[in-house]
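The block underneath contains the structure these notes are about, expressed in structure tokens.
The values are calculated or read from the model by the stated rules, or taken from the named source; none is laboratory data. Given the structure is predicted, the values throughout are model-derived calculations rather than measurements. Backbone-built Cβ (ideal geometry, glycine too); neighbour counts: all protein chains shown.
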Amino acid sequence: MFFRRKPWLANYLTDHNLIKRPTSWWKKLLPVAIVVGVILLIVVVPLGVSGYQIYSKLVNLNKLAEVMIADVKAGKLTEVKNNLSAVEGDLIYIKAKAKLAGPILLWPSIGKTAKTADQMLSASIDLLQGYQQILGVFSDLTSSTDETQVITSFNSPEGKKKMLAAIVKNRSTLEEAKFKIKAAKMELAAINTNDLTGILKDKVIYVNNLLYEITDQSYVALPLFKYLPELAGYGIEKNYLILFQNNMELRPTGGFIGSYGLIKVKDGEIISITTDDIYNLDKYSKDILKVPAPWAMTAYNGQKYLFLRDANWSPDWPTDAEQILWLWDIERANAKLPPQKLDGIIAITPDFIANFLDLTGPITVDGVTFHKNNFAIELEQAVEFNYVDKGIPIEQRKAIIGDLTKEIMKRVMASSPTQLLALWGIMKDNIESKQIIAWLNDATLQDYFSNENWSGEVRAADSDYLYVVDANLAALKTDSVMKRSTSYALSVDANGDLTARAEITYQHAGKAVQALISKYRTYTRVYTPEGTWFTKIYTKDKTGVQNYDLQKNVELKSELGKRSAGVFLEVQPGETKTLVLEYKLPASVKTLYQNGLYKLLVQKQPGTTGHNLGIDLKFGQLITAYHADKLPVSFKGKNLLFNLDLNSDQEVTVKF
């Protein structure tokens, strides 16, 4: 048999095992299997185990946070403290498990969740320490660890007095608690939950939001809690003048002062409440007191002299408070009433009472049922019209306000811890929207209220500023049907100067009603930075443009550290009119801008409802950063456009 002879090279390679033989399939997959196995061990298994454990803890955190919210609202501080300890433990567990997950932390969604847990852990520790310090205050009141007993005892005169004493004794502790809770609030606010993704996102966001609500509720109440002894008359009687400002007839600090009340308190107890029609006090000074009324009031309202009812003409409440104190003493003397020292003057609008009724439910007084949606109009009907049919003398027509006030205070004093916390929330909202403003005779308290922007003052501003102040002059209660909007535009001219245009639009959305709604008549003052140069002021409506003569028809003044322009205008029922002011901002604002910073503060007038505020900023240099409560509608290099709600003061900061 013949065999083919192999080439010598083939024999050589075979003999020396140098020829590559076919590899089995399982040997080919073995390296891949090893790599997959390593990945499973390093990534997938930790992801599955740690991920499940982290998710389980987040579910538990979710339940704990919901319980804590209920406990905070019920005033159960000890339970909150215990649950915060549990939250702390769970967050520490999540942090540890996230670290054990190894390389999976490089995965964006897992890594961000772990970072968020770490931030929440830091916040919860601060919050826990803050509550521990608050509980230290209550330890002086009772040997019991159940703080609900303390809060219950606070409803008794002796309990209130003990509570005030404990606060005085532990002020430094409360300040430390405030610092810790503020730190927790800032830490939670800094968490960017928008970047989270995956199945854990909803749980993380929910827990974060609930924890933030706890800190927010706690932080806003602590400052007032600290000063409660001074406000509530610990050891000494305090007298507060309450002025009821009717914002259906708008005036600079909230509305026309139609009624007033005097509340006396001591050791947290209300000693007495008296209310009366402001005219019943003013009438005794009619032919005696001859203080000239403001020029605009005389020119457009025919009023020659100033009385207590019109003492809120300045847009700065502390300035008005000084005027009110002076008139209060003089008018009481003229009425043959004894001197009455005042420790504070508090002005409220019907909006605050309406919000209170939303919490407590309807209140029936003198046969009239008041609730949130009808309070202002029903009260107006009762004191201006219906008293005649009931045979009530005109001097007593506002007695219903006193009866209503007493019933409200009765409900406040009988409130549960949950209702008290909710009431503070209403107070806070109304303070921010300036339906309540206060001046206090105690310098320390007044400074605090001023710093918190609770005192209704014209605020200082080192850059741009805008404050529109309306005063209803002989337009009845027409503000109840007026709709406003404000727009502000800023640009840089060829000379590098900052020029501005402010537009205030008034829409009369009602019809004439005898003795209630008429054409709108307002004296409007627009406050801008000191040194502003007004170039043109005019109105525009369906009839065209009407210019104001800056020398004859405009009251230009420098007051309260601002430059103001005052004009009078009318708006017929069903019509719309826009007031426009064009001006150049002062050199101080320009210099700050050239140094890379621009700030705008727009103040809200007390008593007004929130309305649209449009801000259009066009600069001559590129914007590097900006800050506002709301994101801009548009941001393009040198331009910023905002659409905000002027329900509270608004601030915008821009850096270049």
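N643 meets the stated requirement of being surrounded by fewer than 16 Cβ atoms within 10 Å (Cβ to Cβ) and either in contact with a helix residue (DSSP H, G or I) (Cβ under 6 Å, 6 or more places away or on another chain) or closer than 13 Å to Y488 by Cβ (or both).
For D287, are the conditions met, namely being more than 24 Å from L231 (Cβ to Cβ) and surrounded by 18 or more Cβ atoms within 10 Å (Cβ to Cβ)? Against the criterion (more than 24 Å from L231 (Cβ to Cβ) and surrounded by 18 or more Cβ atoms within 10 Å (Cβ to Cβ)), D287 does not qualify. When the stretch 332-386 is filtered for residues that are surrounded by 13 or more Cβ atoms within 10 Å (Cβ to Cβ) and polar (S, T, N, Q), the ones remaining, listed by number, are N334, T349, N355, T360, N374, Q381, N386.
Working only within the stretch 470-494, note down all residues that are part of a strand (DSSP E or B) and of a type in the set (K, R). The answer is K483, R484.
Here is the figure for the stretch 297-331: residues that are of a type in the set (G, A, S) and either free of Cβ contacts under 8 Å to residues at least 24 places away in the same chain or surrounded by fewer than 20 Cβ atoms within 10 Å (Cβ to Cβ) (or both) total 2. For the stretch 396-407, the candidate set comprises residues that are touching a helix residue (DSSP H, G or I) at 6+ places or on another chain (Cβ under 6 Å) and charged (D, E, K, R); within that set, the residue that is surrounded by the fewest Cβ atoms within 10 Å (Cβ to Cβ) is R397. Take Y520 and tell me if it is within 21 Å of P294 (Cβ to Cβ) and assigned by TED's automatic domain parsing to the domain that holds T608. So Y520 passes the test. Does K655 qualify as being of a type in the set (K, R) and either surrounded by fewer than 18 Cβ atoms within 10 Å (Cβ to Cβ) or without any contact (Cβ under 8 Å) to a residue 60 or more places away in the chain (or both)? Spelling it out, K655 is indeed of a type in the set (K, R) and either surrounded by fewer than 18 Cβ atoms within 10 Å (Cβ to Cβ) or without any contact (Cβ under 8 Å) to a residue 60 or more places away in the chain (or both). Scanning the stretch 366-392 for residues that are touching a residue at least 40 places away in the same chain (Cβ under 8 Å) and β-branched (V, I, T) returns I377, V383. Just wondering, is there one or more residues in the stretch 543-553 that are under 29 Å from N495 (Cα atoms), buried (at least 16 other Cβ atoms within 10 Å of the Cβ) and touching a strand residue (DSSP E or B) at 6+ places or on another chain (Cβ under 6 Å)? Yes, the stretch 543-553 contains at least one residue that is under 29 Å from N495 (Cα atoms), buried (at least 16 other Cβ atoms within 10 Å of the Cβ) and touching a strand residue (DSSP E or B) at 6+ places or on another chain (Cβ under 6 Å). For the stretch 620-628, check the following and say yes or no: at least one residue is without any contact (Cβ under 8 Å) to a residue 24 or more places away in the chain and surrounded by 15 or more Cβ atoms within 10 Å (Cβ to Cβ). There is no residue in the stretch 620-628 that is without any contact (Cβ under 8 Å) to a residue 24 or more places away in the chain and surrounded by 15 or more Cβ atoms within 10 Å (Cβ to Cβ). Scanning the stretch 307-356 for residues that are over 26 Å from Y527 (Cα atoms) and basic (K, R) returns R332, K336, K341.
Taking the criterion of being modelled with pLDDT of 70 or more and either of a type in the set (S, T, Y) or outside any helix (DSSP H, G or I) (or both), would at least one residue in the stretch 200-207 satisfy it? Checking the stretch 200-207: not a single residue is modelled with pLDDT of 70 or more and either of a type in the set (S, T, Y) or outside any helix (DSSP H, G or I) (or both). Taking the stretch 490-514 as the range and being farther than 20 Å from K618 by Cα and surrounded by 16 or more Cβ atoms within 10 Å (Cβ to Cβ) as the test, the residues that pass are T505, Y506, Q507, H508, G510. Within the stretch 272-285, no residue that is outside the structural domain of Q245 (by TED's automatic domain parsing) and touching a residue at least 12 places away in the same chain (Cβ under 8 Å) sits with its Cβ atom under 9 Å from a residue that is aliphatic (A, V, I, L, M) and in a strand (DSSP E or B) at 6+ positions apart or across chains. The residue that is farthest from N301 (Cα to Cα), among those in the stretch 499-554 that are of a type in the set (S, T, N, Q) and part of a loop (DSSP other than H, G, I, E, B), is T532. Annotation: of all residues in the stretch 439-454 being buried (at least 22 other Cβ atoms within 10 Å of the Cβ) and touching a residue at least 40 places away in the same chain (Cβ under 8 Å), the one that is nearest to I353 (Cα to Cα) is W439. Only one of the numbered conditions (1) surrounded by 15 or more Cβ atoms within 10 Å (Cβ to Cβ); (2) among the charged types (D, E, K, R); (3) more than 19 Å from the chain's Cα centre (by Cα) is violated by K557, and that is (1).
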